[in-house]
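Here the structure comes first, spelled out in structure tokens, and everything after it is commentary.
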Amino acid sequence: MNGSDRKTFEAPPVFTEDERATYFNLSQWATDFLNTLRAQSSITGFVLMMGYFRASNKFFSSDKFHKLDIDFVAKVFGFKKRRVTLGRYKGTTHERHKALILKNFGFRRFDNNVRIMVEKEAEALARKQMQPRSIFMSLVDFLRSKKIEVPSYHALSESITRAVQVIEQDLHKAITKHLSDDHKQLLDGLLEKSDDLSGDKGNPKVKRYKITLLKKSSQSTKPSKIRENVTDLDCLKDIFDDLRPVINSIDLSPETIQYYGRIVVKLQVFQLIRRDDKKYLYLLAFVVHQYYRLNDLLGDAILQCVQAAVNAASREHKEQTFRDRITKQLALKKLLRKLNSHLAKIKEIERIITADDLSDTKKVQSIKSLLENQDEREQIEEQMRTMEQEANRIIKNNDYYILNSKSLRLQNSVSPIVKALEFDTCESADVIIRAIEYFKQRDGNIDSNAPLDFLDSDERKLVFDSEGKLRVSLYKVMFFQHIANSIKSGALNLKHSFKYRTFEHYLIPKERWLSEKDELLERAGLKGFESFSELIPDLSSVLNSQLAATNRNIQTGQNEHAKIDKKGNLTVSTPKKDKIALDPVTEFFPKDRVIPVFEVLSTIDKLSGFTRSLEHHQIKNVRKVPPSNVFFAGITGLGCNHGIGRISKISRHINLNELEYAVNWHFSGDNLIRANDKVLQLTQRLPLHKLKRSVKGTHTSSDGQKYNIQVESLNANYSFKYFGQKKGVTVYVFLDESHRLFYSVVISSAESEAAYVIDGLMHNEVVQSDIHSTDTAGYSEVIFAVCHLLGIAFAPRIKKFKKQQLYSFEKRSKLKLMGFKILPSKRINLKLILENWEEILRFIATIKLRETTASQLFRRLSSYSRQHPLYAALKEYGKIIKTLFLLKYIDDLEL
């Protein structure tokens, strides 16, 4: 923490008039104790210290008490301000009052035992390579959750410093112990100019350092670019395999890998060489980080290439069907004419058979003459066989395998990836693993012995031609499709990856959960949800009461906007809201004046100090922080799409090298979010913000905005509705009721927005949401469940909500006998929830304690869908909360 933050932490909280009345309000035990005191300074000091502790869980020396607070307490007790002197409020009196306050608030003193516990927690946080400031704030939250007195800045900073030093020493000791001279030589090879990967990829005459060539990867799905990524992966794999024993022995955490790996990406080679023995830790982390990242990137490439091929085949099938429609209709019309002719002959035969004026011989001769045209009958039979085959082909969706024509291009893109990736054989489906291993062993050369277990029965028939020969191209297309579907569904996982590991990998480890369950539940604030069987009566009572109230309000006419029609269906008319006339505010703004962006940023920084949040990426070895005007130039250059080079040319006193350094080392997603939080805190203190604040709590919302992009990116997808023929991404934005943007993230336009709702809600450094709304794209039953367990009311605006199903704990027939008109569709599957409640708690605790980002958990969990019992159980629990929301919404349509 910098000097300003440190000073703020060591000073008592600053209260408003309303807050003073709240925090300095006396409980009965405090009143009784004050009756035993006579000295005005002791009474005033005790009340102030108790109020400050109530707000911050921290004690402050009397010389730091705010004068406005002293005057307020003096006025309440009728003391004369000049007679209240707190210079004597210290020593034994001060300590005795501290002990009394701690006892009555149920807090523990910060002693040596607590110090050891804090240092242990600091070490756990430091292993995640968190910035010291983040560790500091996490320790403060940790102490408050444990109901322990928050100590001075010095006490916590010492614990953090020791923890960081211990972790760094442990890492270097492990590197020294396990890294042999051969391993060091292997890593040093990354700092040499490459012969086999020489030059820019396209300019082989210019030799560059091997590590430089491995820092960046292509986001293109062109076969040539994919092969370049595969070449990089193979290069890293050779190094990774040689270093695997060292990596396993050191057991680097994902956070450590990403921290040091990203530093190497930012460092220039000469800076890395100067780090002597420390460079091996950096290089080792870089190898692991880039190897994992390339695995993720190539996994994304498989999904996108296969989906692109499927979309192209589907589009071509539709176009072909459209082109062939006239030809097919003409053939059908011709067949119908011939059939009509034959029907006429059948009618004639019926007339001949029933004719009384013809002998049997004459009848037979007449029928024979009608059936003499053998060629016409054969033509009809041939046309009918052709149409039957066409019908069977359409029914079996044979046209879907027009993909066969796309096979060669798909093979060029995907085959190298499948051969290069290392899949997790222990945590993946056996049938697809066997097929992959066969494909790798044969180097993609498929014959009739190829595994078919992963194909369904219809696919197995289609993969062979009429002569029983394997259609190799079609087989490979199906093979790649099943690989993509298995990756998405979680049936196929990568062994070395950040994104595509098995779902269990992202949760709190089961061993730790079983041994530390009580502590983890307490830290996550889930002690009240420990037993679902104890929650059932309360949930059932609340749901039944709400169902009865909603039905009663409709039947008695109290709810004017909801009616039951003659068919027994619910009809709802949303009340129209009148527009509120607002007084114009333009008169308060400057007239005919241009305010430079620099002045705006400078003024906001003076008031909020947001540039102090732009910390250096490294925890240690940080040189002097760039001046604020350099940060302003970087923000303007990137935010206005001018670029770093251009903004340095058009700005005064901005050095390009210094600007590049600031952007490279100080601009990161986390830093920018923290800087934004500083601005939000400033906005929160403004009087205008209070005018928009709801008395019911903080209401937030989120929605996605689509943007097309011009560069190649695996994060971008096609969407004709939003981008036409181009690709684009979704920027998912979170706002509160004062229109403060407190979180945003860029996601693929093909991904569900619901997976990212919890990420924004968990980012509650400043804006703590009490109720959150999304549109239909951000809604799911699972989000209802998770929000409820996190203590946030979820209120989405669901399209056609009247078609949503209601659920209850009681049978529909029982509720119908009670005269209810609005009835649930199904009962809640309590058994499913009870069986998986332990896993639900572990899932929520993982999110609450930020062991893994919520979006990562949701992406992997939702890919399993109904195959995973946890997903089904969360969905079932979410149905309870969703039903409550829908019933309340019907009751209060102006919510």
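The values are calculated or read from the model by the stated rules, or taken from the named source; none is laboratory data. These figures come from a predicted structure and were not determined experimentally. Every residue, glycine among them, receives a Cβ derived from its backbone with ideal geometry; neighbour counts consider all protein chains shown. Accessible surface is based on the protein model in full, side chains and every heavy atom, while ligands, DNA and RNA are left aside. Shrake-Rupley method; radii C 1.70, N 1.55, O 1.52, S 1.80 Å.
The residue of segment 486-501 that is farthest from R842 (Cα to Cα), among those that are out of contact with any strand residue (DSSP E or B) (no Cβ under 8 Å at 6 or more places or on another chain), at pLDDT 90 or above and polar (S, T, N, Q), is S486.
Being modelled with pLDDT of 85 or more, polar (S, T, N, Q), in a helix (DSSP H, G or I) and within 19 Å of K802 (Cα to Cα) is the requirement here; does T550 meet it? Working first, answer last.
On the way: modelled with pLDDT of 85 or more: yes; polar (S, T, N, Q): yes; in a helix (DSSP H, G or I): yes; within 19 Å of K802 (Cα to Cα): yes.
So T550 passes the test.
S738: hydroxyl-bearing (S, T, Y), open to solvent by less than 20 Å² (accessible area, probe 1.4 Å), touching a helix residue (DSSP H, G or I) at 6+ places or on another chain (Cβ under 6 Å) and part of a loop (DSSP other than H, G, I, E, B), yes or no? Answer is no for this residue.
Take L272 and decide whether it is modelled with pLDDT of 80 or more and surrounded by 21 or more Cβ atoms within 10 Å (Cβ to Cβ). So L272 fails the test. When you check K222 against the structure, is it surrounded by 12 or more Cβ atoms within 10 Å (Cβ to Cβ), in contact with a helix residue (DSSP H, G or I) (Cβ under 9 Å, 6 or more places away or on another chain) and modelled with pLDDT of 85 or more, yes or no? Here the answer is yes, as K222 does meet what is asked. Here segment 795-808 is the region considered, the condition is being under 18 Å from D892 (Cα atoms) and in contact with a Leu (Cβ under 9 Å, 6 or more places away or on another chain), and the residue that is most open to solvent (accessible area, probe 1.4 Å) is K802. Among Y756, Y707, which is the only one that is under 25 Å from R293 (Cβ atoms) and either open to solvent by less than 30 Å² (accessible area, probe 1.4 Å) or in contact with a Cys (Cβ under 7 Å, 6 or more places away or on another chain) (or both)? Residue meeting the stated conditions: Y756. Among residues of segment 438-461 that are hydroxyl-bearing (S, T, Y), those with a Cβ under 8 angstrom from a residue that is part of a loop (DSSP other than H, G, I, E, B) and open to solvent by less than 80 Å² (accessible area, probe 1.4 Å), sequence gap 6+ or separate chain, pair up as Y438/A450; Y438/P451.
Taken over segment 39-61, the criterion of being open to solvent by 10 Å² or more (accessible area, probe 1.4 Å), in contact with a helix residue (DSSP H, G or I) (Cβ under 8 Å, 6 or more places away or on another chain) and part of a helix (DSSP H, G or I) is satisfied by Q40, S42, I43, R54, A55. Considering every residue within segment 512-524, establish whether at least one is among the charged types (D, E, K, R), open to solvent by 70 Å² or more (accessible area, probe 1.4 Å) and more than 20 Å from F142 (Cα to Cα). No: segment 512-524 contains no residue that is among the charged types (D, E, K, R), open to solvent by 70 Å² or more (accessible area, probe 1.4 Å) and more than 20 Å from F142 (Cα to Cα). Please indicate, with yes or no, whether at least one residue in segment 864-883 is open to solvent by less than 30 Å² (accessible area, probe 1.4 Å), under 18 Å from G525 (Cβ atoms) and of a type in the set (D, E, K, R). Among the residues of segment 864-883, not one is open to solvent by less than 30 Å² (accessible area, probe 1.4 Å), under 18 Å from G525 (Cβ atoms) and of a type in the set (D, E, K, R), which makes the answer no. Candidates V786, V767: the one that is within 26 Å of S138 (Cβ to Cβ), surrounded by 18 or more Cβ atoms within 10 Å (Cβ to Cβ) and either modelled with pLDDT under 90 or among the acidic types (D, E) (or both) is V767.
Here is a yes/no grid of residues against (1) in a helix (DSSP H, G or I); (2) open to solvent by 50 Å² or more (accessible area, probe 1.4 Å); (3) modelled with pLDDT under 85:
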site	(1), (2), (3)
D69	yes, no, no
F79	no, no, yes
T85	no, yes, yes
R96	yes, yes, no
N104	yes, yes, no
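Is it the case that T321 is touching an Asp or Glu at 6+ places or on another chain (Cβ under 9 Å), over 30 Å from S415 (Cα atoms) and either assigned to a helix (DSSP H, G or I) or charged (D, E, K, R) (or both)? Explain how you work it out, then say what you get.
Values: touching an Asp or Glu at 6+ places or on another chain (Cβ under 9 Å): yes; over 30 Å from S415 (Cα atoms): yes; either assigned to a helix (DSSP H, G or I) or charged (D, E, K, R) (or both): yes.
Considered against the rule, which asks whether it is touching an Asp or Glu at 6+ places or on another chain (Cβ under 9 Å), over 30 Å from S415 (Cα atoms) and either assigned to a helix (DSSP H, G or I) or charged (D, E, K, R) (or both), T321 comes out as yes.
Rundown of residues vs (1) modelled with pLDDT of 85 or more; (2) under 19 Å from T502 (Cβ atoms); (3) of a type in the set (K, R), yes/no style:
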residue	(1), (2), (3)
R812	no, no, yes
N829	yes, no, no
W837	yes, no, no
K848	yes, no, yes
L870	yes, yes, no
K879	yes, no, yes
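In this structure, S855 does satisfy being modelled with pLDDT of 85 or more, under 26 Å from L492 (Cα atoms) and either out of contact with any Leu (no Cβ under 6 Å at 6 or more places or on another chain) or outside any helix (DSSP H, G or I) (or both).
Give me the residue from segment 469-509 that is open to solvent by 30 Å² or more (accessible area, probe 1.4 Å) and not in a loop (DSSP other than H, G, I, E, B) and, out of that set, farthest from D296 (Cα to Cα). For segment 469-509, the residue satisfying everything is V472.
Condition check ((1) acidic (D, E); (2) touching a Lys or Arg at 6+ places or on another chain (Cβ under 8 Å); (3) within 22 Å of S668 (Cβ to Cβ); (4) part of a strand (DSSP E or B)) across all residues:
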| position | (1), (2), (3), (4) |
| --- | --- |
| Q725 | no, no, no, no |
| V729 | no, yes, yes, yes |
| F734 | no, no, yes, yes |
| I747 | no, no, yes, yes |
| E751 | yes, yes, no, no |
| Y756 | no, no, yes, no |
| D759 | yes, no, yes, no |
| V767 | no, yes, yes, no |
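Check whether at least one residue in segment 234-245 is surrounded by fewer than 17 Cβ atoms within 10 Å (Cβ to Cβ) and within 31 Å of the chain's Cα centre (by Cα), and report yes or no. If you could, list the steps in order and put the result at the bottom.
To start, the set of residues in segment 234-245 that are surrounded by fewer than 17 Cβ atoms within 10 Å (Cβ to Cβ) comprises 234, 238, 241-242, 244-245.
Remaining after also requiring within 31 Å of the chain's Cα centre (by Cα): 234, 244.
Yes, because at least one residue in segment 234-245 is surrounded by fewer than 17 Cβ atoms within 10 Å (Cβ to Cβ) and within 31 Å of the chain's Cα centre (by Cα).
Can you give me the number of residues within segment 358-373 that are modelled with pLDDT under 80 and open to solvent by 80 Å² or more (accessible area, probe 1.4 Å)? Residues in segment 358-373 being modelled with pLDDT under 80 and open to solvent by 80 Å² or more (accessible area, probe 1.4 Å): 2 in total. Might you check whether a residue that is among the β-branched types (V, I, T) and in contact with a helix residue (DSSP H, G or I) (Cβ under 6 Å, 6 or more places away or on another chain) occurs anywhere in segment 491-508? Yes, segment 491-508 contains a residue that is among the β-branched types (V, I, T) and in contact with a helix residue (DSSP H, G or I) (Cβ under 6 Å, 6 or more places away or on another chain).
Please find, among A355, A344, A312, the residue that is farther than 30 Å from P245 by Cα and exposed (fewer than 12 other Cβ atoms within 10 Å of the Cβ). Can you show your working first?
Numbers: A355 fails: exposed (fewer than 12 other Cβ atoms within 10 Å of the Cβ); A312 fails: exposed (fewer than 12 other Cβ atoms within 10 Å of the Cβ).
Being farther than 30 Å from P245 by Cα and exposed (fewer than 12 other Cβ atoms within 10 Å of the Cβ) holds for just one of A355, A344, A312, which is A344.
With the condition kept exactly as written, say whether any residue in segment 494-508 is out of contact with any Cys (no Cβ under 6 Å at 6 or more places or on another chain), basic (K, R) and closer than 20 Å to P416 by Cβ. Yes: segment 494-508 contains one or more residues that are out of contact with any Cys (no Cβ under 6 Å at 6 or more places or on another chain), basic (K, R) and closer than 20 Å to P416 by Cβ. Close Cβ contacts (under 7 Å, 6 or more residues apart or on different chains) running from residues in segment 670-695 that are open to solvent by 40 Å² or more (accessible area, probe 1.4 Å) and modelled with pLDDT of 80 or more to residues that are among the basic types (K, R) and not in a helix (DSSP H, G or I) comprise T683/R740. How many residues are open to solvent by 30 Å² or more (accessible area, probe 1.4 Å), assigned to a helix (DSSP H, G or I), among the β-branched types (V, I, T) and within 24 Å of D5 (Cα to Cα) if we restrict to segment 611-662? Total satisfying the criteria: 1. Filtering segment 400-452 to residues that are assigned to a loop (DSSP other than H, G, I, E, B), of a type outside the set (A, V, I, L, M, F, W, C) and open to solvent by less than 50 Å² (accessible area, probe 1.4 Å) leaves E422, D424, S428, G444, D447, P451.
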